[in-house]
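The values are calculated or read from the model by the stated rules, or taken from the named source; none is laboratory data. What you see is a predicted model; the values in this text were computed from it and never measured. With ideal geometry, Cβ positions are generated from the backbone for all residues, glycine too; neighbour counts draw on all protein chains shown. Calculation scope for accessible area: heavy atoms of the full protein, side chains included, ligands and nucleic acids excluded. Shrake-Rupley method; radii C 1.70, N 1.55, O 1.52, S 1.80 Å.
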Amino acid sequence: QVSPALRTPRLPVWLCSASGRHGVLFGTDRRLLSDWKAERTFQLYFYSGRQEQTQTAHLTVDTHSHHWEEAQRAGPCGPGRRRPALEMAIRTKWAGASVSWSGTEPFF
C-alpha cells in the first residue's frame with residue numbers, strides 16, 4: 001500500500017529528464033500545490049547529483065514577466081537565443097515564465 005504522503009506530496013517536487021540527464025526540481029513553499037496566487041514569483045531548487053554540480057541551483061521563477069523585460073535584464077539577445085533545457089521544462093508548467101539562475105551559470 002502506498003503511503004498518503006507519496007500520493008500527495010507536501011512540497012512541490014518534479015523529476016526532470018532532459019538530454020539524457022536526470023535531476024530533481026523542488027520548491028519549499030507548500031502554497032505552490034494549492035494556491036495559484038503563490039505562482040507569481042517563487043523559488044525553485046534543482047539538484048542532479050552529478051559530479052560537476054557542486055551545490056543545489058537556486059532558481060527564481062517569475063510567471064508575470066514579459067519577454068521585453070527579460071531581454072533588458074539579460075542584455076542583447078536575438079529571438080533565436082537558446083535556453084537551457086531546465087528552463088524549457090519549467091516553461092511547460094508556467095508558459096512564458098522568466099527564470100533567473102541567481103548568479104549560477106545555467107546548466108542541464
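Restricting attention to region 43-60 and to residues that are within 21 Å of W94 (Cβ to Cβ) and not aliphatic (A, V, I, L, M), the residue that is least open to solvent (accessible area, probe 1.4 Å) turns out to be F46. The lone criterion from (1) at pLDDT 80 or above; (2) among the small types (G, A, S); (3) more than 30 Å from T8 (Cβ to Cβ) left unmet by A38 is number (3). One residue is enough: does region 87-98 have a residue meeting the conditions out of contact with any strand residue (DSSP E or B) (no Cβ under 9 Å at 6 or more places or on another chain), at pLDDT below 70 and assigned to a loop (DSSP other than H, G, I, E, B)? No, region 87-98 contains no residue that is out of contact with any strand residue (DSSP E or B) (no Cβ under 9 Å at 6 or more places or on another chain), at pLDDT below 70 and assigned to a loop (DSSP other than H, G, I, E, B).
Of all residue pairs spaced 6 or more apart or on separate chains, those with beta-carbon atoms under 9 Å, a first member in region 23-42 that is without any contact (Cβ under 8 Å) to a residue 60 or more places away in the chain and open to solvent by 100 Å² or more (accessible area, probe 1.4 Å) and a second member that is part of a loop (DSSP other than H, G, I, E, B) and not hydroxyl-bearing (S, T, Y) are R30/R10; R30/L11; R30/P12; R40/H64.
The residues of region 1-22 that are farther than 19 Å from I90 by Cβ, open to solvent by less than 70 Å² (accessible area, probe 1.4 Å) and of a type in the set (A, V, I, L, M) amount to a single one, A5.
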